[in-house]
Structure formats: C-alpha cells, structure tokens
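No value in this document is a laboratory result; all are computed from the given coordinates. Quick caveat, the model's predicted, so the values are computed rather than measured. Glycine also receives a Cβ, built like all others from the backbone with ideal geometry; neighbour counts cover every protein chain displayed.
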Amino acid sequence: MIWLAAVAALLLMPIGANAQPQPYPNRPIMLVVAFPPGGPSDVIARLLGKKLGEILGQPVIIDNRPGAGGNIAAEQVAKSDPDGYTLLMGNNSILATNAALYKKLNYNPERDFIPITLIGTQANILVVNPAVPALTMQQLIDLARGKPGGLNFASSGFGAAAHLAGELFRSQAKIDIVHIAYKGAAPALQDVIAGHVHMMFATSASVVSHIRSGKVRALAVTTLKRTALLPELATVDELGLAGFDANTWHGLVAPAGTSREIVGSLHYAMEEALKDPAVRRALTDLGVDILGSPQKEFEAYIKAEIPKWAAVIKNSGAAIQ
C-alpha cells in the first residue's frame, strides 16, 4: 500500500517539477546590429560575436536591422523577451543622442535596457584642409573668432556624431562656424581634402591615412584620453576646452528584466573576449580604444550622456521630426 501511495504521488506531481533549469546559454544568441553590414557597429559585433560564441559555447548570430538612426533595432530588442537570447550592439546614437534628436521614440534608452559592458570608444579627429592658416587648435579658434560665420565644417549627416561634435566645439569655443551636412562620411571627408570645406570631425580610422599622407592636418582628438591610433595627438581638453568629449562609443545591452545572473555571465564573457590579443589588435586597427567597463559604470555613463547631448541638440536646433 505504501508503494502504491508513492507511485500515485509521483503521478500527481506536475510535469517538470523536478526538472532543473538549464544553464545559460543553451541555444544560439541573437546580437542585433542597428546599422548595415560593413559599418563600424557591424564589424565590431561580428568580431566580438565570434569570440563570445567560443567563450559561451553557443553561436552568436548577427542580425542587421538598419533604419531610423538605429531606432528600429532598438525597439525590437526593447520588446524582446528578457531571457539573454536577444541582445543589442548599442552606441551613442541609440542610447543617448536619439532621445533628443527624435520627437518620438518607441523605446526609452534608460528604462528599456540593462547595460552589460561599455566596449570602447572611437575617437573623432579635428582635421582641417592644409590650406587653412591654422597649425594648432587655438589658432583655428582665433581664426574663427576673427571671421564669424566664415569657416565651415562638414559632417556625415544632420544629427550625426560628426555634426554634434562640431556643435559642441562651436559652443565650448564660443565661435560661429557653419555646418554643411553630407550623405555619408566619405563624401564629407573628400570635400575637406579637396578644400571645398574647411574642417571636419572625422573618425580616427577613416582619416588616419590622410593625416599621414598630408592631405589633411590633424589638430586634436575629441576623447578625454589620447587615442591609441594616434597617441602623439593631444586632446581638445588638453588644448584648452576643458571636459570636451565627443566620441562614438559602443556597448552591449540586454532588454530590461534580464536576470542578474545572465547579465553577469555576459559581462564576464565580454571581459574575456576583450582580453584576447587578436581581438584587441583588430579593435585597435578599427580605431577603438578598448574600455570593457562594468555594468554600473556603463549605466552611469549613459545617464550622463543623454542630458549632455540633449543640451547640444537643443542649442543647435538639430532635432529630427
């Protein structure tokens, strides 16, 4: 009778009551990229995704979802299950500037994501055409002050990182310079080289060969610390505009509600990936200054970036309908 009672009790138990949760991850992870294949976010995601897959023991699949300045991809990930299997390669646009650039977002960069790791930054370089009579940043500022509205700067597009860097420079240096927007960074840089535009804040990887060949003159780097790609080049901060920091940054985030354990596993895996010599070499060649910041530091960084760029965008009138 005791045996029969035990069997009956087992039969009445809910299916899966004794099942243990499977360790994370136990299936492929999707890493959503908000920009087309071949761009910086995509290259970084593929480089790190491959290494993360090796460390975690599951493949990391890259899913490119370009459009609306990154908002399409961000919205998709924000609405995904917080189970660690859908992640976003975030950057300064998606997680900071778009909040002020766009009148309406279908996601909240602070509430809808959990930061995992700030991967690194890509410096912008203040470059001028060699014909511009300024050998230093201060000489450029003096030249602009002597000719209000007489100097212009190119960018890859209205509201792009190069545009906002120029607006921050205009504000902090207290100068009047004219923005000229292009459809992409390549034509913008070409017109600076050709002398049609005076200057530009160009990504370090895109402009370093032109600096070395003498096609443009580098005056300063926009990060608070000097970049590994051009360590001899002083920062804007060092040269007199205190606290100036205008870079492109990349970080891994997950949907809000993702468990602390999964976030911890992903952060550990990213830390290990960023220690790999081949990964570090490839990122440095892309102009990435590697950080690997922990979750709380990344969270604080995002919180500081949003109001900073909101003020720049408001003063410049760069909002997008």
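Annotations
- Unit Cα scatterers, Debye sum, segment 125-280: log10 I(q)/I(0) for q = 0.10, 0.11 Å⁻¹: -0.42, -0.50
- Gaussian network model of the chain, Cα within-10 Å springs - most flexible of ALA73, ALA282, ALA165: ALA282
- Using a Förster distance of 30 Å, the FRET efficiency for GLU110-SER213 (Cβ separation, nearest 0.05): 0.10
- The Rg/Rh ratio of segment 68-161, with Rg taken over Cα atoms and Rh as the Kirkwood radius over Cα pairs, comes to 1.15.
- In order along segment 114-127, the Karplus-derived 3J(HN,Hα) couplings, from 6.51 cos²θ - 1.76 cosθ + 1.60 at θ = phi - 60°, round to 10, x, 10, 8, 7, 5, x, 10, 10, 6, 9, 10, 6, 10 Hz, and Gly and Pro are given as x.
- Computed from backbone phi, the HN-Hα couplings of segment 198-209 come to 6, 7, 6, 9, 9, 4, 4, 5, 6, 10, 4, 5 Hz, rounded to whole numbers (Karplus: 6.51 cos²θ - 1.76 cosθ + 1.60, θ = phi - 60°; Gly and Pro given as x).
- Close amide-amide hydrogen proximity is noted between THR117 and LEU252, each under 5 Å apart and 5 or more residues distant or on a separate chain (H modeled in the peptide plane; Pro and chain starts excluded).
- Phi angles of segment 275-280 translate, via the Karplus equation with coefficients 6.51, -1.76, 1.60 and θ = phi - 60°, into HN-Hα couplings of 7, 5, x, 5, 5, 4 Hz per residue; Gly and Pro are given as x.
- Helix axis angle, 137-146 relative to the chain longest principal axis, alpha carbon, degrees: 60 degrees
- Amide hydrogen neighbours beyond the local backbone of ASN152, cut-off 5 Å, H modeled: VAL178, HIS198, MET199
- The mean sequence separation of alpha-carbon pairs under 8 Å and at least six residues apart, normalised by the residue count of segment 97-245, gives a relative contact order of 29 percent.
- For the Cα trace of the chain, dividing Rg by the Kirkwood Rh returns an Rg/Rh value of 1.11.
- Each peptide in 135-142, 156-163 receives the mean, over its residues, of other Cβ atoms within 10 Å, and ordering these scores from highest gives 156-163, 135-142.
- For LYS147, the lysines whose Cα comes closer than 23 Å to its Cα, not counting residues fewer than 8 places off in the same chain, are LYS174.
- Rel. contact order, % - alpha carbon contacts under 8 angstrom, at least six apart, segment 188-246: 23 percent
- Per-pair calculated FRET efficiency, R0 = 45 Å: ALA234 and ALA256 via Cβ, rounded to 0.05: 0.65
- In the chain, the longest principal axis of the Cα atoms and the axis of helix 40-56 are about 30 degrees apart.
- Centroid-to-centroid, using Cα positions, segment 56-77 and segment 258-274 are 18 Å apart.
- For PHE244, the residues 5 or more places off, or on other chains, whose built amide H falls under 5 Å of its own are ASP237.
- Per the Kirkwood formula applied to alpha carbons, segment 229-321 shows a radius of gyration over Rh ratio, Rg over Rh, of 1.03.
- Relative contact order (%) - criterion: Cα under 8 Å, at least six apart; region: the chain: 25 percent
- The angle separating the long axis of helix 161-173 from the principal Cα axis of greatest extent in the chain is about 50 degrees.
- Bridgeable lysines around LYS79 (alpha carbons under 30 Å apart, same-chain partners fewer than 8 residues away excluded): LYS50, LYS51, LYS103, LYS104, LYS296, LYS303, LYS308, LYS314.
- Working from label points 7 Å from Cα in the Cα-to-Cβ sense, the ARG145 to GLN22 distance is 6.5 nm.
- Cα→Cβ-extended label distance, 7 Å offset, between GLU272 and LYS296, nm: 2.4 nm
- Helices in the chain, meaning DSSP H runs of at least 4 residues, each add -39500 (n - 2.57). Divided by all residues, the mean residue ellipticity at 222 nm is -12500 deg cm²/dmol.
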